[in-house]
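The values are calculated or read from the model by the stated rules, or taken from the named source; none is laboratory data. The structure displayed is predicted, hence computed values, not measured ones. Neighbour counts run over all protein chains shown; Cβ positions are idealised from the backbone, glycine included. Please note that ligands, DNA and RNA were not included when accessible areas were found on the heavy atoms of the full protein model with its side chains. Shrake-Rupley method; radii C 1.70, N 1.55, O 1.52, S 1.80 Å.
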Amino acid sequence: MASTIGLSALRAASEAIDATSNNIANAQTIGYKAGQYVFQDEFFKATDPQNPSRTGMGVTASHIRRSQTNGTIIATSNPLDLAIGGMGMFTTAKTIDSTATGNPTQIQYTRNGQFGVDSSSRIVNENGNYLIGRPANPDGSIREDVKSILTLDQSPLPGSQTTATKLELNLDTPTDPKSSTFDPDNSATYSQSTSQTVYDSTGQAHTLSMFYVKDDSIPLIITPGTQAVSGDSKTLTGTYNFNTQQSTLGADGTATLPITIATTSSPNTAQGGTSVQTLSNTTIKLISGTTYNMTLSDGSTLTAVGKTFDTLANYTIPAAVLTANGVTPTQTGSTTTFTVPVAGGLTLTMTADSATTPTLFTIASSNVTGASAFSVANGQNFTIPMLKNAITTATGSTNASTITVASTAGIAVGMTVTGTGIGTSAVVSSIAGNVVTLSVANSNSTAVSGNITFKATSTSLLPVTGDNEPLTYHIPTSRFAVFATLDGLPVPGNSSGAAAGFPTGITASTGQIKSLGTMAFIGGRNIDSIARDDYDQPQFKSYFDITAAVGGTTNPNTLSFQMDSTNMTAYSSVGQTYSNSQDGAPLSQLSSYSFDSNGKLIAQYANGQSKVQGQVLLSYFGNDSGLIPIGGNSFEESADSGTPTQGVAGSGLFGELKSQSLEQSNVDLTSQLVTLMSLQRQYSAASQVVKVASALQDDVLQRLS
């Protein structure tokens with residue numbers, strides 16, 4: 001029995017040495033997983049199976065367990081080399097059937113990502129197995145319902161026709177409006193130009209030239225929506241509206257010969273098709289007269305002019321303004337009624353907010369609107385020519401040429417003097433201390449007494465503020481008519497005429513050149529880009545629809561696309577381009593290819609475009625130790641391994657792929673050498689067991705004989 005046990009130990013140790021030696025031999029094999037020999041003791045039921053102290057019958061191999069830890073990932077120069085950074089195995093096919101998609105058969109699995117291409121551009125590994133994945137549709141989307149071998153399609157990328165373009169630049173607004181008729185061959189007839197390459201359905205390139213002609217400015221009308229007045233009566237906050245296709249004013253700012261201000265506006269769906277834009281969270285502050293600053297929600301500021309007003313009831317002027325300008329109102333008794341002298345020998349009556357310490361004076365509109373001395377601007381804010389004056393008590397004798405005043409503050413030589421005891425046309429000729437000398441002596445029998453008024457002969461234009469706000473605001477615009485040519489030939493425009501925003505150019509061989517439309521700017525910004533939603537996206541778009549024949553009679557074709565110029569600007573700076581792009585492309589050859597982290601096979605073309613050609617399919621087994629090794633770093637499934645779960649890299653439990661990388665063997669040579677030495681001692685010990693058992697048997701046989 002001992003010899004049997006010893007022999008089983010020799011056999012098991014030998015097999016374990018084989019497994020360890022195989023690990024050492026494959027230490028440099030890409031994707032190799034080290035195998036561990038699992039020992040298992042043996043008991044035969046026929047030998048006293050109920051005895052808990054029975055002796056075992058030796059050792060046998062349970063199975064070889066493979067470590068699934070990841071090996072070190074190294075970089076390579078092959079774009080088709082792949083490494084899995086986590087769980088999963090590459091799915092390959094030994095053969096394929098004759099269908100168009102090449103359905104894979106004889107499926108095998110591997111961690112070795114050394115791939116290349118065969119003579120038919122199919123991706124294969126070193127064993128000639130085909131890499132299985134999911135094919136891509138012509139638009140680059142992945143077909144989830146089909147499995148096929150991955151093929152590197154090396155055919156060129158077909159040309160595609162331009163269907164949409166984006167052209168956004170700054171137009172140098174200080175240039176003067178052009179009075180001459182537009183001619184694309186005469187740079188003096190346009191303000192600025194730029195070009196863009198577009199493509200027809202065959203991928204043939206064509207040159208689109210855009211011309212911008214400075215046109216007359218037309219005021220943009222802005223009307224209040226909802227607004228609230230702040231405490232200082234000079235600031236309003238709320239919503240304000242304007243029509244992007246306004247056609248009520250002309251270049252003179254009146255309704256005479258009205259012109260459409262802009263034609264490019266295209267409202268977003270949320271706007272319901274209206275051409276009215278709404279500026280939310282906008283603040284308007286009075287600067288002076290009828291000039292206002294309009295601060296938009298993004299903090300930018302525009303200058304506007306108030307144009308129409310409601311009927312005015314009152315005007316106001318602060319007492320501090322009067323004091324600062326040497327104007328002292330005369331109080332009527334102890335009431336809140338005061339008067340001040342104004343030009344033309346008139347007196348203006350005001351009502352104070354306090355009879356004792358007034359801070360604000362109110363002037364009824366009826367007191368000023370009929371006086372020719374006042375210049376009323378739009379019925380709201382204007383200036384009144386008030387006379388500087390001083391009121392103080394004074395005394396003096398009958399027919400006196402001098403008077404003694406309580407205070408000389410505000411009194412100056414040349415002021416006229418009026419009051420009790422003061423003669424007609426008395427004027428201050430000199431001042432010495434509190435004694436004022438008059439140029440005309442008192443010529444009446446009444447002594448000077450009480451309040452005496454000193455009035456200046458020159459006036460101060462003091463501002464008064466109305467208690468109403470504008471019904472409309474006008475903001476000057478910069479307007480540019482837009483023309484285009486394709487390969488030097490005029491692009492057909494709109495024939496509606498200049499009044500509709502479509503001015504015309506010269507008459508060319510193909511007929512009169514017509515513009516594509518007109519853009520308008522305020523504060524340097526396109527009026528379509530000012531009103532924005534909560535995501536800072538413009539409520540409107542500036543579009544030009546371009547359709548033109550190209551290719552002449554040799555290669556006739558038609559181009560039709562829409563140009564987006566929403567974020568154009570017209571600042572006082574040199575012209576510059578912000579965006580110049582389009583979605584067409586010429587025929588382009590394959591330049592390179594690679595895999596992304598999700599296993600998508602991406603082809604790169606010479607024109608900078610890319611296209612997805614398929615996606616690698618990974619497999620995962622719940623018991624990968626149950627896979628059957630078949631050589632060449634490959635495995636086949638078995639009943640023990642179960643059927644695989646399949647998916648793509650980076651999803652679920654599958655690791656991401658690393659392109660131009662390989663996973664080295666996970667064999668630890670140091671550990672394997674230590675194991676080998678341990679197994680060597682085990683083998684030597686087992687041989688001693690066999691030797692002792694053999695000696696005992698020989699001794700027994702000798703004694704029996």
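Taking Gln688 as the residue in question, decide whether it is closer than 23 Å to Ala25 by Cβ and out of contact with any strand residue (DSSP E or B) (no Cβ under 9 Å at 6 or more places or on another chain). The answer is no for Gln688. Only residues that are open to solvent by 50 Å² or more (accessible area, probe 1.4 Å) and at pLDDT below 90 were counted across the range 467-494, and they come to 2. Take the range 309-361 and flag every residue that is open to solvent by 30 Å² or more (accessible area, probe 1.4 Å), in contact with a Pro (Cβ under 7 Å, 6 or more places away or on another chain), assigned to a strand (DSSP E or B) and over 20 Å from Gly419 (Cβ atoms). Passing the criteria: Phe309, Leu360.
With the structure loaded, tell me whether Thr643 is part of a helix (DSSP H, G or I), of a type in the set (Val, Ile, Thr) and either without any contact (Cβ under 8 Å) to a residue 40 or more places away in the chain or open to solvent by 50 Å² or more (accessible area, probe 1.4 Å) (or both) or whether it fails that test. No. Condition check for Ile74 on (1) part of a loop (DSSP other than H, G, I, E, B); (2) open to solvent by 50 Å² or more (accessible area, probe 1.4 Å): one failure, at (1). Scanning for something among the aromatic types (Phe, Trp, Tyr) and modelled with pLDDT of 85 or more, does the range 360-381 turn up at least one residue? Yes, some residue in the range 360-381 is among the aromatic types (Phe, Trp, Tyr) and modelled with pLDDT of 85 or more.
For the range 447-463, taking the residues that are at pLDDT 85 or above and of a type in the set (Ser, Thr, Tyr), the one that is nearest to Ile317 (Cα to Cα) is identified as Thr453.
Cβ-Cβ contacts under 7 Å between residues 6 or more apart (or on different chains), taken from a first residue in the range 1-13 that is farther than 18 Å from Thr55 by Cα to a second residue that is of a type in the set (A, V, I, L, M, F, W, C) and outside any helix (DSSP H, G or I), are listed as Ala12/Phe39; Ala12/Val59; Ala12/Ala61. The residues of the range 280-296 that are of a type in the set (S, T, N, Q) and either in a strand (DSSP E or B) or modelled with pLDDT of 85 or more (or both), listed by number, are Ser280, Asn281, Thr282, Thr283, Ser288, Thr291, Asn293, Thr295. From the list Thr264, Thr295, Thr274, Thr291, which residue is touching a residue at least 40 places away in the same chain (Cβ under 8 Å) and not aliphatic (A, V, I, L, M)? Only one candidate passes the filter, namely Thr264. Within the range 193-204, can one find any residue that is on the phi > 0 side of the Ramachandran plot, modelled with pLDDT under 95 and surrounded by fewer than 19 Cβ atoms within 10 Å (Cβ to Cβ)? The answer is yes, given that some residue of the range 193-204 is on the phi > 0 side of the Ramachandran plot, modelled with pLDDT under 95 and surrounded by fewer than 19 Cβ atoms within 10 Å (Cβ to Cβ). Of the residues making up the range 164-183, those that are out of contact with any Gly (no Cβ under 7 Å at 6 or more places or on another chain), in a loop (DSSP other than H, G, I, E, B) and either open to solvent by 50 Å² or more (accessible area, probe 1.4 Å) or without any contact (Cβ under 8 Å) to a residue 12 or more places away in the chain (or both) are Pro174, Asp176, Pro177, Lys178, Ser179, Ser180.
Checking Leu662, Leu679, Leu673 one by one, the residue that is crowded, with 17+ Cβ neighbours inside 10 Å and in a helix (DSSP H, G or I) is Leu679 and no other. For the range 125-160, give me each residue that is touching an Asp or Glu at 6+ places or on another chain (Cβ under 8 Å) and at positive phi. Correct list: Gly128 only. Cβ-Cβ contacts under 7 Å between residues 6 or more apart (or on different chains), taken from a first residue in the range 560-576 that is in contact (Cβ under 8 Å) with a residue 60 or more places away in the chain to a second residue that is assigned to a loop (DSSP other than H, G, I, E, B) and among the aliphatic types (A, V, I, L, M), are listed as Met568/Leu171; Ala570/Leu171; Gly575/Leu171. Restricting Leu471, Leu461 to those that are in contact with an Asp or Glu (Cβ under 8 Å, 6 or more places away or on another chain) and either part of a strand (DSSP E or B) or under 23 Å from Ile363 (Cβ atoms) (or both) reduces the list to Leu471.
All of Thr547, Thr566, Thr558 fail the test of being open to solvent by 40 Å² or more (accessible area, probe 1.4 Å), at pLDDT 90 or above and either in contact with an Asp or Glu (Cβ under 8 Å, 6 or more places away or on another chain) or on the phi > 0 side of the Ramachandran plot (or both), apart from Thr558.
Being hydrophobic (A, V, I, L, M, F, W, C) and either open to solvent by 50 Å² or more (accessible area, probe 1.4 Å) or part of a strand (DSSP E or B) (or both) holds for only one residue in Ala649, Ala686, Ala695, and it is Ala695. Taken residue by residue, the range 205-225 has no member that is among the hydroxyl-bearing types (Ser, Thr, Tyr) and at pLDDT below 90.
Screening the candidates Gly58, Gly86 for the property of being of a type outside the set (D, E, K, R), at pLDDT 75 or above and surrounded by fewer than 16 Cβ atoms within 10 Å (Cβ to Cβ) yields one hit, Gly86. Selection of strands (runs of 3 or more DSSP E) fully inside the range 569-636 by the criterion of at least 3 residues being modelled with pLDDT of 90 or more and crowded, with 19+ Cβ neighbours inside 10 Å returns 600-605, 610-616.
One residue stands out among those in the range 115-134 that are touching a residue at least 40 places away in the same chain (Cβ under 8 Å) and surrounded by fewer than 19 Cβ atoms within 10 Å (Cβ to Cβ): the one that is nearest to Ser661 (Cα to Cα), which is Glu126.
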